[in-house]
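Report on the structure given below.
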Amino acid sequence: MSVIDRTRAVLEQATTVYRGTPYGGRLSAIRERLDAPLRVAVAGRVKAGKSTLLNALVGERLAPTDAGECTRIVTWYRDGPSYRVDATPKQGPSRPLRFTREDGVIDIDLGGLRAEDVAQLVVTWPAQALRAMTLIDTPGIGSLSEQAAQRTWDMLVPDDEETPADAVIYLLRHLHAGDVEFLRAFHDTEVSRPSPVNAIGVLSRADEIGAGRLDAMASARRIASRLGAGAGVRRLVQSVVPVAGLLAETAVTLTETEVGQLRRVAALPVRQAEELLLSADRFVRTMPELGLTELEREALLARFGLFGVRLTSTLLRREVAGTATELSRELAERSGLTDLREIIGSLFLQRRDILKSRSALLALAEATRALVRPGSDAVAASVEEIMASAHPFNELRVLSSVRAGWVTGRPDAVAELERLIGGSGSSAHERLRLPADAGPAELTEAAGQALVRWQRRAESPMTPYEMALAARVAVRSCEGLLAGLERSR
Ligand SMILES: Nc1nc2c(ncn2[C@@H]2O[C@H](COP(=O)(O)OP(=O)(O)OP(=O)(O)O)[C@@H](O)[C@H]2O)c(=O)[nH]1
Ligand SMILES: [Mg+2]
């Protein structure tokens, strides 16, 4: 039986035990959540670019960026049949709110509620991207109003309830020491701690690295991989990817008008264009013959950033991309958005059943501790049994141990172990480090060889204890791969 089915079964068992108690309602909420999209929170320090990145992932400019009191409220963006916004006040029932859209951005009228009295906003929006995951925008940590930070904290590390998010995208900015501290604080708490299991890091506002030079993303990639390889960060997030969020958001919402305006810059001789783009100020104020007003130029800067204007006009000049559609694809790629989407796909979405089951089981374990009833012991035991024996959870546990540095061995063996148990994605080719188009014969052969290698390691008396335990899990992963390949024949 799959993990999610086992989780459903134990929830069923718990429902009988807790019928008629205050936990009845909570259990049905947990059950519904198993069938709903994965919940992914976007967190990080104030102005790290969280809302902008969320918009890039949705493909629409929904979340307000910059000022506005709604940035201080935890806001859910979920798919639904019609457009609506609801507020959950701290006291009293949920109520619908009025909203308008300007340039795509939703402007919510709190209807007399004060931001500090709102527990959360729920934006329901028919959008393809939200069908796969519900995104949760959180107020920046370390903001001037610490109350807002507290809300993010409560959201991700609640005292009593189940964790609202199944996974976290944590934005880090330019090696900000406080960011890692903050992540570590999460990690030390019991509940929805980001662990390498359900958290990925984004080096945000990557275009600002190196003052927006054209090679900014290359520098950002180097910084991100150094950051991601550091012991402190590795035990907290699965990997760190650089993303220029503003450019990513613009890439997915690009208009023909904007492309037309940047064509004017692209038409300039290279030297003149370079001079014009030396600084934001120059771009706005010099060269009236360009045929763009100051307002238009300011708008371009707000949408692309100086790096984006440089990059996009260069792409147009070199005819790398001609139409808005081509340009949109190219910018999504170069901003790091395409990579981020892939990583979310392989580390979160492919594992969604496991991550959702994990949230449900943690919540259930909490309930059995908080309210002891006849039969609740048996529920607790079943939860423990699934957590301890289901292979996907063993893989996650080994992954955490590897990331925490507890599993030691030859570096290439540790790296192979990490991949085999799904650390870089759970598909067969990702686990076996083969190209995506590798055929079943090639995959079967590689899985067979890995099986032999890891059996030997698991059984060898020379293997250190932690590695031997991990090797047994890897053996089971290889067997799973072989069985899967056999079935697909
Ligand atoms: N150059 C550049 N600017 C960015 C990027 N991402 C966001 N910004 C700008 O930074 C400012 C803050 O962005 P937001 O997305 O609102 O940041 P946030 O983390 O949601 O902010 P709070 O919710 O207030 O904590 C806005 O002016 C954005 O345009 C980026 O990748 N590059
Ligand atoms: Mg925000």
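The mean sequence separation of alpha-carbon pairs under 8 Å and at least six residues apart, normalised by the residue count of segment 249-334, gives a relative contact order of 44 percent.
What net charge do the residues around residue 276 carry, taking every other residue with its C-beta under 12 Å from that of residue 276, with Lys and Arg at +1 and Asp and Glu at -1? List each step's numbers first, then the result.
Working: positive: 264, 271, 282, 285, 297, 310; negative: 274, 275, 281, 289.
Overall, the nearby charge balance is +2.
Under the rule a/c < 1.5 gives rounded, and otherwise a/b versus b/c splits prolate from oblate, where does the chain land using the Cα gyration tensor? Oblate shape, in that a/c is at least 1.5 and b/c is the bigger or equal ratio. Against the chain, whose longest principal axis is taken from its Cα atoms, helix 440-459 shows a tilt of about 60°.
Based on alpha-carbon centroids, what's the gap between segment 392-416 and segment 432-466 in Å, whole number please? Going from one Cα centre to the other spans 15 Å. Under the convention that each Lys and Arg Cβ holds +1 and each Asp and Glu Cβ holds -1, the size of the dipole of segment 249-334 around its Cα centre is about 200 debye. Prolate is the label for segment 390-488, because the ratio a/c of its alpha-carbon gyration tensor axes (a ≥ b ≥ c) is 1.5 or higher and a/b is greater than b/c. Compactness check for segment 249-334: Cα Rg over 2.2 N^0.38 Å is 0.98.
Using the Cα centre of the chain as the reference point, and only Cβ charges (+1 on K/R, -1 on D/E), how large is the resulting charge dipole? Debye, rounded to the nearest 20. Write out the running numbers ahead of the final one.
Numbers: 63 positive and 63 negative charges, 141 e Å.
With Lys and Arg at +1 and Asp and Glu at -1, about 680 debye.
For segment 341-390, the Kirkwood radius over C-alpha pairs fed into Stokes-Einstein at 4 °C and 1.567 mPa s yields D = 107 µm² per second.
Structural descriptor for the chain: relative contact order 15 percent, calculated from alpha carbon pairs under 8 angstrom and at least 6 residues apart. For the chain, the longest principal axis of the alpha carbon atoms and the long axis of helix 177-188 meet at an angle near 20°. Helix 411-420 and the longest principal axis of the Cα set of the chain meet at an angle near 90°. To check you understand DSSP bridge types, tell me what percent of the beta bridges within the chain (both residues inside) are antiparallel, rounded to 5. So the antiparallel bridges in the chain amount to around 40 percent. List every residue whose amide H lies under 5 Å from the amide H of residue 119, counting only residues 5 or more places away in sequence or on a different chain, with H placed 1.01 Å from N in the peptide plane. Result for residue 119 returns 88, 90.
Tell me, 77, 18, 83 in order of fewest to most beta-carbon neighbours within 10 Å? Could you put the intermediate results ahead of the total?
On the way: 77 26, 18 22, 83 13.
Ordered by Cβ neighbours within 10 Å, fewest first: 83, 18, 77.
How would segment 310-438 be classified by its alpha-carbon gyration tensor: rounded, prolate or oblate, with rounded meaning a/c under 1.5 and the a/b versus b/c comparison settling the rest? Because a/c hits 1.5 or more and a/b exceeds b/c, segment 310-438 counts as prolate.
When the chain is described by a simple charge dipole with +1 on each Lys and Arg Cβ and -1 on each Asp and Glu Cβ, the residue from 467, 425, 25 located farthest towards its positive end is 467. Quick one: check the C-alpha center-to-center distance for segment 298-363 versus segment 105-126, whole angstrom. That distance is 27 Å.
Think of segment 1-140 as a dipole: +1 on every Lys or Arg Cβ, -1 on every Asp or Glu Cβ, centred on the Cα centre; then among 57, 133, 112, 133 lies furthest on the positive end.
Every number here is computed from the coordinates shown, using simple stated rules; none is lab data. Computed from a predicted model, the values in this text were never measured in an experiment. As a convention, Cβ positions derive from the backbone with ideal geometry for all residues, glycine included, and neighbour counts pool all protein chains shown.
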